[in-house]
Each structure stands twice: as structure tokens, then as C-alpha cells.
Amino acid sequence: MRKTKRVKVLGWRWRRNELRRHSDAVEAWIVLAAWAFATAGGAVAGVAGAQAVETAQARSGAEHGPATAVLLGTVPRGGRAPATYNRVRANVRWTDAQGTVRTATADVKAGTPVGGSVPVWTDGHGHLVDEPASPAVETARVVLAGAGAGLAGGLFVLAGGRLIRLRVERRATERWGEEWERTGERWGRRTG
């Protein structure tokens with residue numbers, strides 16, 4: 001038995017055809033509107049998400065500032081690990097912007113002598129915070145947040161369009177079944 005090849009005709013739902021139902025045209029318009037709104041909505045959501053992350057990073061950067069702390073205890077020397085990972089937790093002391101002396105545990109380079117200076121970052125209340133990210137990392141975060149928000153917004157709109165389309169399709173199938181019932185009564189016999 002030979003396999004038949006199925007040919008897809010683009011835009012068939014908008015063409016004049018006796019077999020085209022009204023619901024076919026409605027479905028086509030729903031799909032077109034969903035894609036248009038998903039594209040526009042995704043772009044708006046992406047820009048809004050990127051701006052929100054950028055604003056939060058700018059606010060965080062304005063509140064955080066560098067300080068110099070003094071190492072209080074001995075720190076063991078590092079092993080053979082690369083210098084970027086050769087850090088240990090140790091107690092440090094610093095004076096915040098209000099003049100209050102504070103102590104806490106911070107990451108310091110292995111082998112730093114007792115009483116040595118240690119760079120730390122503090123928030124507006126004088127508490128230790130992580131070192132701010134580099135501009136490249138911040139840019140990557142903004143881009144990823146914008147892309148993620150745009151994708152989520154677009155998919156949300158497409159999912160809504162799909163639900164509407166399924167409802168239209170279900171109603172068309174119900175109508176088709178009702179028409180077959182009426183036609184079957186005229187034929188005078190039932191199937192199934």
C-alpha cells in the first residue's frame with residue numbers, strides 16, 4: 001500500500017471554501033491575535049523585567065559601600081588551590097559610617113596576618129554584605145531577567161489563546177455532532 005503525502009496549504013482558513021466552517025475562521029483569527037499579543041506583551045514584559053532588575057541593582061549598589069576591617073584572629077595558610085578560591089572565614093572588626101565598632105565573620109584571603117587590613121562591603125546599616133557583582137555580571141542578570149520575563153509573558157498569552165481556541169473547537173465539534181443527529185433522523189436510521 002502506498003503512503004499518501006499530505007500537503008499543507010498556508011492560510012486555508014481565510015480562503016473561500018464550501019467546506020470551511022465559521023469556527024475555522026474564528027480559530028485563525030484567535031491564533032493570529034494570540035501571536036500578535038504574545039509578541040507585543042512579551043516585549044513589554046521583557047523590558048519591564050529588565051528595568052526592575054536594573055533598578056534593584058542600582059539601589060543595592062547605592063546602599064552598599066566599601067570599608068576596611070581589621071583581622072582579629074589567625075588565618076591558616078592556603079593550600080595549592082587557585083588564589084580566587086583560597087579564602088577562609090575569619091572574625092574581623094570595622095567601624096561603620098555612624099562610628100559604631102562592629103565585629104563579624106567575613107571571607108578573607110588565607111595567610112592574612114593578625115591585625116592586617118581586610119576589604120569588606122557594608123550596607124546602609126553597617127552590616128556586612130557580599131561584594132557587588134562586576135558590571136558584566138550585572139548586565140547578564142538584567143538581560144536574563146528581561147528575556148525570562150518576556151518569554152514568560154509571551155507564553156502566558158499564548159496559553160490563554162490556546163484555551164480560547166480549544167473552547168471554540170469544542171463548541172464547533174458539539175455543533176457538528178448536533179447536525180449529524182438531525183441528519184441521522186432524516187435518514188431514518190441510527191449508527192453505532
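What the table below lists for this structure:
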quantity	calculated
Å² of accessible area per residue within the chain, as computed with a 1.4 Å probe and no ligands counted	77 Å²
Estimated 222 nm signal from helices in the chain, with DSSP H stretches of n ≥ 4 weighted -39500 (n - 2.57), rounded to 500	-18500 deg cm²/dmol
Degrees separating the helix 22-63 axis from the principal Cα axis of the chain, which is the longest one	10 degrees
Cα long-axis angle, helix 135-187 against the chain (0 to 90 degrees, to the nearest 10)	20 degrees
Efficiency of FRET from Cβ geometry, Ala25 and Glu181, R₀ 35 Å, rounded to 0.05	0.90
Within the chain, longest stretch clear of exposed chymotrypsin sites (Phe, Trp or Tyr not before Pro) (DSSP loop, no more than 16 other Cβ within 10 Å)	15-192
Whole-Å distance, taken between Cα centres, linking the range 152-176 and the range 123-148	40 Å
Carbon + sulfur, % of accessible area of the chain - ligands and nucleic acids excluded, 1.4 Å	58 percent
Estimated dipole of the chain in Debye, rounded to 20 [Cβ of Lys and Arg +1, of Asp and Glu -1, Cα centre]	1660 debye
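The values are calculated or read from the model by the stated rules, or taken from the named source; none is laboratory data. Remember, it's a predicted structure, so these values are computed and weren't measured experimentally. When we count neighbours, we look across all protein chains shown, and the Cβ atoms used for this are built from the backbone with ideal geometry, even at glycine. Accessible surface areas use protein heavy atoms only, side chains included; no ligands, DNA or RNA. Shrake-Rupley method; radii C 1.70, N 1.55, O 1.52, S 1.80 Å.
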